[in-house]
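Asker: The structure's right below; bear with me while I get my questions together.
The values are calculated or read from the model by the stated rules, or taken from the named source; none is laboratory data. Predicted model, so just to flag it, every value in this text is computed and none were measured. Note: ideal-geometry Cβ built from the backbone for every residue, glycine included; neighbour counts use all protein chains shown.
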Amino acid sequence: MGQAQFTRQMTISQFEEMFPDDDACKSYLQSRRWPVGIRCPRCGNEKVYSVTNRPFNWQCTQCAAAGGYRFSVLVGTIFENTNIGLRDWFRVIHMMLTSKKGVAALQVQRVMGFGSYRTAHYMCHRIRAGLVDPEFRQLMGIVEVDETYIGGKNKNRHWDKRTPGTGGVGKEIVIGAVERKGTVVARVIRNTDTATMEGFVREAVSTKVDLIATDEHSGYRNLNREFAHQFVRHSRGEYVAGAVHTQTIDGFWSLLKRGIMGTFHKVSAKYLPLYVAEFEFRYNNRKNPDIFGAAVARC
């Protein structure tokens, strides 16, 4: 199974040259946020004018009639209302994107010299939240759908934290769909019943898809009513049947699990959707030479 190929990203020396101070970062954010001209984040008005004594601040002419509205380049972004300089935010984003399996908040604290772990933890989660893409394009072509379980083995837990049952009992469930040689959509779900899994497929996959490939999980049994659906029987040792296999999505699961186990070690159910969003963004932009710019624009 071939591994996803990641494009070369901006080096540290290139970063230092591009962003020597906060003003350079604000100018970059402005160009990424408003590539065709500055708009009021409240009403979308294009007729705004600069506040002369405050760089990167503007006044909206339409909102002014209703009492005035002044906004900065940071308004409406994850960088708003923080005491952390924009250059530090950019450096943390760069660290997170240049690591294939992510970077732990403790490592961010050490490298950045923050006074507390909470600061690094807060920043990393804010960035992950900014990377979420609620307006993704539905997948087409040949799409693989699969689910995986995140969490340690039951036998390795302390005796008073073990849960009865085997397999995925006590673990968090993530379901994903990937377009061959394309993008992935992944979500944390509560259970693997048919309604939940079919609901995800309808959200992530276009009805014009050429083929949906899955394993024999019963949650996918009714997909052939709406989609072209075929499956392989892993329980019988069948992993490839012509074009039908789940090796591409298995590759994404490998990246996600190696990142969680090797980098973060433990991820709570509360924050797991944010980690999934981070790995999804990094995977979907693996061939994007300007992945940093894409991240800043989304944040």
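Asker: If you check every pair at least six apart or on different chains, which have Cβ atoms under 6 Å apart with a residue in region 29-46 that is among the polar types (S, T, N, Q) first and a residue that is part of a loop (DSSP other than H, G, I, E, B) and modelled with pLDDT of 90 or more second?
Answerer: GLN30/VAL73
Asker: Which ones in region 238-264 are free of Cβ contacts under 8 Å to residues at least 24 places away in the same chain and closer than 17 Å to ALA213 by Cβ?
Answerer: Within region 238-264, GLU238, TYR239, VAL240, ALA241, GLY242 qualify.
Asker: Another question about this same structure. Do the conditions hold for TYR220, that is, is it farther than 30 Å from ALA105 by Cα and either at pLDDT 95 or above or within 21 Å of the chain's Cα centre (by Cα) (or both)?
Answerer: So TYR220 fits the description; yes.
Asker: Here's a follow-up. Looking at region 55-101 only, could you name the residues that are free of Cβ contacts under 8 Å to residues at least 24 places away in the same chain, over 28 Å from VAL111 (Cβ atoms) and of a type outside the set (A, V, I, L, M)?
Answerer: ASN57, TRP58, GLN59, CYS60, THR61, GLN62, CYS63, GLY67, GLY68, ARG70
Asker: Collect the residues in region 69-87 that are surrounded by 19 or more Cβ atoms within 10 Å (Cβ to Cβ) and assigned to a helix (DSSP H, G or I), keeping them in residue-number order.
Answerer: LEU86
Asker: Among the residues of region 186-205 satisfying the criterion of being of a type in the set (Ser, Thr, Tyr) and assigned to a helix (DSSP H, G or I), which is surrounded by the most Cβ atoms within 10 Å (Cβ to Cβ)?
Answerer: THR196
Asker: I want to confirm something. Restricting to region 1-15 and keeping residues that are surrounded by 11 or more Cβ atoms within 10 Å (Cβ to Cβ) and more than 30 Å from TYR239 (Cα to Cα), which single residue is modelled with the lowest pLDDT?
Answerer: Once the filter is applied, the top-ranked residue is GLN9.
Asker: Between a first residue in region 116-127 that is buried (at least 16 other Cβ atoms within 10 Å of the Cβ) and a second residue that is among the hydroxyl-bearing types (Ser, Thr, Tyr) and not in a helix (DSSP H, G or I), which pairs have beta carbons less than 8 Å apart while being 6 or more apart in sequence or on different chains?
Answerer: HIS125/TYR271
Asker: Restricting to region 224-282, and then to whatever is assigned to a loop (DSSP other than H, G, I, E, B) and crowded, with 17+ Cβ neighbours inside 10 Å, can you tell me which residue is modelled with the lowest pLDDT?
Answerer: By that ranking, first place goes to VAL267.
Asker: Answer with yes or no whether TYR49 is surrounded by 14 or more Cβ atoms within 10 Å (Cβ to Cβ), of a type outside the set (Asp, Glu) and over 30 Å from VAL267 (Cα atoms).
Answerer: No: the conditions fail for TYR49.
Asker: Given the criterion assigned to a loop (DSSP other than H, G, I, E, B), out of contact with any strand residue (DSSP E or B) (no Cβ under 7 Å at 6 or more places or on another chain), under 29 Å from VAL267 (Cα atoms) and of a type in the set (D, E, K, R), identify the matching residue among LYS181, LYS208.
Answerer: Every option except LYS181 fails the conditions.
Asker: Still on this structure, I have one more. For CYS40, state whether it is buried (at least 16 other Cβ atoms within 10 Å of the Cβ), part of a helix (DSSP H, G or I) and at pLDDT 90 or above.
Answerer: No.
Asker: When region 253-278 is examined, which residues are found to be of a type in the set (A, V, I, L, M, F, W, C) and in contact with a Gly (Cβ under 6 Å, 6 or more places away or on another chain)?
Answerer: Listed by number, the list is empty, since nothing qualifies.
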